[in-house]
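The values are calculated or read from the model by the stated rules, or taken from the named source; none is laboratory data. Note that the coordinates shown come from a computational prediction; the quantities given were computed from them, not determined experimentally. Here the Cβ is made from the backbone with ideal geometry for all residues, glycine too, and neighbour counts use every protein chain on show.
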Amino acid sequence: MSKLNSMKRLISVSCFLLATLIQGVVFAQAKASTAKSSGTSKVVASKNYGLSNPVTLDKSKKENQNPIVVEPEKALVKKEEEQVVKKIDSTSTAKIEIDGQKTRENIPSSVAEKSAEDQKTKEVLGEEYTGKLPKYFALIIGISKYLNEGPGLPSLDFPVEDAGKLKQVLINRYAFESNNIHFLENPSRSKIIDTFEQLSSEVKEHDNLLIFYAGHGFYDKEKNFGYWLPADARANGKSEWISNTTIRDYLGAIKAKHTLLISDACFGGSIFKSRGVMENMMQKVNEMYKYPSRRAITSGNLSVVPDKSFFIEYLIKRLNDNTDAFLPSQTLFYRIYEPVTNNSPATPQFGVVQGTGDEGGDFIFIKRENKN
């Protein structure tokens, strides 16, 4: 009986020791799992619990995790939203709403600036503006070399060069496209007339046209009108000359809304009604653009032009230096008038070309940044 009781006590102690050992192993495993989640690569049990070697838990044995499932469509939308928010944050200055709901405090500044420019352009151009500017055409004529040159008709050094400078200013700083500019270098009479004919077909009623001439001119006092002298002109005959009345007829025939003639040669007489420097300067730009116009700015030269033209020099300088988004031709004239009169014997003139359809408007130069 005593042996049986002794055996029972031995089994009981053994069971207690076995339970204690198992509890120690479980405790070590739990501690290793905690260390794993905090980045510990290996965890050693703090107690031996009678084992010959300490328990080592390897981080490579990963625990089972419940993955977070995101539906593909929702994930894509979320990614796009994050990209939009990031883009907006980088260039923002105004509020934005989508479907009537304010989703962000700001929108890209470039969008806000473009909207402001469109609004200002619409105020100037009126209902004709639908987000796209009207076309600006140009006929630029520079004549330096004369085929029949002589004492009465010398060749010149600068007209072609000056004409090229004006072309670049119009393309680089204003709303002129290079494919809408006809640049004539030392043209004959027939070439000039043919180009006028071409413009009569190209230019439409909502377009604008700039005509520039630099070369020799002649004023006939008896007849009270002047001529342009093309490259094939002769000093002792007028058959190749182009009279101001011919130019006037084309200004009336070309159906542009606004036409501006800039001439560094004679253009005057009864077909040209000059105006005072300050006349109509208080007229608003949108009113100037609203009504058709046929205007001219001339150097005031009534005979052979000087080889170096202060008129063209200050014309190009003022166009280059201009900071106004919308520049009326009368404002341009006002800016060149005093410098030219202070540095040359000529007196520039500005006015209406009579009998060509002018209704009191004005030609407006539009800066390149307002172009769409």
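Annotations
Here's the yes/no breakdown for (1) outside the structural domain of residue 298 (by TED's automatic domain parsing); (2) surrounded by fewer than 18 Cβ atoms within 10 Å (Cβ to Cβ); (3) touching a Pro at 6+ places or on another chain (Cβ under 9 Å); (4) within 15 Å of residue 261 (Cβ to Cβ):
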{"site": "311", "(1), (2), (3), (4)": "no, no, yes, yes"}
{"site": "323", "(1), (2), (3), (4)": "no, yes, no, no"}
{"site": "329", "(1), (2), (3), (4)": "no, no, no, yes"}
{"site": "332", "(1), (2), (3), (4)": "no, no, no, yes"}
{"site": "341", "(1), (2), (3), (4)": "no, yes, yes, no"}
{"site": "348", "(1), (2), (3), (4)": "no, no, no, yes"}
{"site": "353", "(1), (2), (3), (4)": "no, no, no, yes"}
{"site": "356", "(1), (2), (3), (4)": "no, no, no, yes"}
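- Within segment 227-246, the residues that satisfy the criterion of being surrounded by fewer than 24 Cβ atoms within 10 Å (Cβ to Cβ) and within 16 Å of residue 353 (Cα to Cα) are 243, 245, 246.
- Segment 231-242, subset of a type outside the set (Val, Ile, Thr) and in contact (Cβ under 8 Å) with a residue 24 or more places away in the chain, residue farthest from residue 187 (Cα to Cα): 236
- Within segment 297-317, the set of residues being modelled with pLDDT under 75, within 19 Å of residue 339 (Cβ to Cβ) and of a type outside the set (Val, Ile, Thr) comprises 301, 306, 307.
- Residue in segment 287-296 that is assigned to a helix (DSSP H, G or I), among the basic types (Lys, Arg) and either modelled with pLDDT of 95 or more or in contact with a strand residue (DSSP E or B) (Cβ under 7 Å, 6 or more places away or on another chain) (or both) present: no
- For segment 358-372, the tally of residues that are surrounded by 18 or more Cβ atoms within 10 Å (Cβ to Cβ) and either among the β-branched types (Val, Ile, Thr) or modelled with pLDDT under 90 (or both) stands at 2.
- Pairs with Cβ under 9 Å, 6+ apart, first in segment 243-256 and within 19 Å of residue 220 (Cα to Cα), second small (Gly, Ala, Ser) and in a helix (DSSP H, G or I): 244/269; 245/269
- Unique residue being out of contact with any His (no Cβ under 7 Å at 6 or more places or on another chain) and modelled with pLDDT under 90 when the list is 269, 252, 237, 215: 269
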